[in-house]
Amino acid sequence: MDKIHIGQMIQAVLEEQGRTMKWFAKNIHCDYSNAYKILKRENMDLNLLITISKILDHDFFLDISKAIQMMLHDFIGTICQWEWKNMQQTTNI
């Protein structure tokens, strides 16, 4: 995972819960086109995300935290592999 796309995360939860765009727009108090635009966003205002988390009864902040942990784990693993290869090359000289 290279990026966190919050709109895609929200859309997945909407689909999982069987919620329609009409339901989503009504519950976040905006029109259909703005609700649709929210799902296209990679990032968004924290207060909006809190509102969406409440109406869907889903902790998107926990999802984001887990995604960051996975990204850091992958990054650290890459660094360790690079250092290991570098060490091997240095000792073989």
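The values are calculated or read from the model by the stated rules, or taken from the named source; none is laboratory data. The model shown is predicted, which means the values in this text are computed figures rather than measured ones. With ligands, DNA and RNA removed, areas are computed over all heavy atoms of the protein, side chains included. Shrake-Rupley method; radii C 1.70, N 1.55, O 1.52, S 1.80 Å.
The table for this structure:
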{"read-out": "In Å², nearest 10: area of HIS73 left accessible to a 1.4 Å probe", "value": "130 Å²"}
{"read-out": "Reach of LYS54 by Cα under 16 Å, taken over lysines that are not fewer than 8 positions away in the same chain", "value": "LYS26"}
